[in-house]
1. Is it true that some residue in the range 3-13 is open to solvent by 30 Å² or more (accessible area, probe 1.4 Å) and modelled with pLDDT of 70 or more?
2. Within the range 225-235, which residues are open to solvent by less than 20 Å² (accessible area, probe 1.4 Å) and at pLDDT 80 or above?
3. In the range 141-174, what count of residues is obtained for those that are of a type outside the set (Ser, Thr, Tyr) and either touching a residue at least 60 places away in the same chain (Cβ under 8 Å) or not in a helix (DSSP H, G or I) (or both)?
4. Would you point out which residue out of MET321, MET302 is under 20 Å from SER109 (Cβ atoms) and either touching a residue at least 24 places away in the same chain (Cβ under 8 Å) or aliphatic (A, V, I, L, M) (or both)?
5. Anything in the range 70-80 that is open to solvent by 40 Å² or more (accessible area, probe 1.4 Å) and part of a helix (DSSP H, G or I)? List them, or say none.
6. Within the range 230-242, is there a residue that is in contact (Cβ under 8 Å) with a residue 12 or more places away in the chain, part of a loop (DSSP other than H, G, I, E, B) and under 30 Å from LEU173 (Cβ atoms)?
7. Scan the range 236-292 residue by residue and report those that are within 17 Å of PHE316 (Cα to Cα), among the aliphatic types (A, V, I, L, M) and open to solvent by 60 Å² or more (accessible area, probe 1.4 Å).
8. Might you let me know whether the range 47-69 holds any residue that is farther than 25 Å from TYR338 by Cβ, aromatic (Phe, Trp, Tyr), in a helix (DSSP H, G or I) and open to solvent by 40 Å² or more (accessible area, probe 1.4 Å)?
Amino acid sequence: MSRHLKLRDNMDWGLIATVFFILVMGLLCLFSSTRVSGSDIFIKQLIWICCGWLLMFIVFAIDYRVLMRLAWLVYLVMVIMLVLLLLTGREISGARRWISMGPVGMQPSEVAKLTVIIWTAYWGAHHKDIEPYGLRGLVRPLVVLLVPVLLVFLEPDLGTAGIIMIIAVSMLLVLGIKRSTLIGASLTVAAVIPFGWMSLKEYQRLRILSFLDPSRDPLGSGYHAIQSKIAVGSGGLMGKGAFQGTQTQLRFLPEHHTDFIFSVVAEEWGFLGSSVLIFLYLLLITRIISIGLNAKDRFGAMLCFGIAIYFILHVFINIAMAIGIFPVVGVPLPFVSYGGSFMMMNMACIGVVLSVSRRRFIF
């Protein structure tokens, strides 16, 4: 009995409560945005949330230091999954992003995000140089981390590939990189941008061009951005009210249950409702960073920092897409957008953070 009490006492209830309130807001928006179509998306999301809570508590109960010993194994499994996806995955709208697992589908690129965080934290924990890293010291981790980035890019999934790369680079920056190496890397990236543009798919180029000028193709590549901005702007201060958003209910707003769910929040709950959601995300991220700063070891701290970057990128990019200050790249909003693989990985990330937080007190 005392063991269960200790487990309960070491829970970070503030973090759990924050996640709970974000989930509630997400379910309300999802119910509102899908009730007209009569789909079962809301029920499916509710099931995924229940499964996610279970996964979170399982991960929380496991000592996070186990992940350090399993880092290479987890990495190899992730690479195999991405390769199998390219060979046998379902092709939808010209992209292979899903592997069928019986009645459900899994998106390996979501698993890749957490795997990269685990591996980078493992590498940082085993390389505790006093001096900042130079190019020679970064060759091995960069090669290892570029493999999942390239595999995800080939699906093609530019948004997820970019997020994985930014997470990895951000974690390496925290470990310390020489100024000369940073300058050289920046110049290299600038030099390959033209080649990167040439390697993009046609629809990816159109998304970027439409971001710069949505009116150039208002019924095609610019349609998503235009309708999203109309929905956000029409919400005003207080919003139109639940089930009253015209862009959402009349289905002018595309992908309103996934990529543009924030537009539903802004249209129906207005600036005030949107601010509440953003405030909850700020609480979530600052709490994760705080846990990382107080972690007992370098590995735990790096895990928390990587997960904080994971949430920062998803929240910023998704909201920026909705208000038209970022290209449409298909990045969902954590705990709010519909998606099984994404929800499970979000909850797994919280489980890892809770595990780090708990073991500040027991070792």
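The values are calculated or read from the model by the stated rules, or taken from the named source; none is laboratory data. Everything numeric here is computed off the predicted structure, so don't read it as measured data. When we count neighbours, we look across all protein chains shown, and the Cβ atoms used for this are built from the backbone with ideal geometry, even at glycine. Surface areas here come from the heavy atoms of the whole protein model, side chains and all, with no ligands, DNA or RNA. Shrake-Rupley method; radii C 1.70, N 1.55, O 1.52, S 1.80 Å.
1. Yes, some residue in the range 3-13 is open to solvent by 30 Å² or more (accessible area, probe 1.4 Å) and modelled with pLDDT of 70 or more.
2. If the condition is that a residue be open to solvent by less than 20 Å² (accessible area, probe 1.4 Å) and at pLDDT 80 or above, then SER228, ALA231, GLY235 are the ones that fit.
3. Count: 17.
4. Being under 20 Å from SER109 (Cβ atoms) and either touching a residue at least 24 places away in the same chain (Cβ under 8 Å) or aliphatic (A, V, I, L, M) (or both) holds for just one of MET321, MET302, which is MET321.
5. Within the range 70-80, TRP72, LEU73, VAL74, LEU76, VAL77, ILE80 qualify.
6. No; the residues of the range 230-242 include none that is in contact (Cβ under 8 Å) with a residue 12 or more places away in the chain, part of a loop (DSSP other than H, G, I, E, B) and under 30 Å from LEU173 (Cβ atoms).
7. Hits for the range 236-292 are VAL276, ILE278, LEU282, LEU283, ILE289.
8. The answer is no; no qualifying residue exists.
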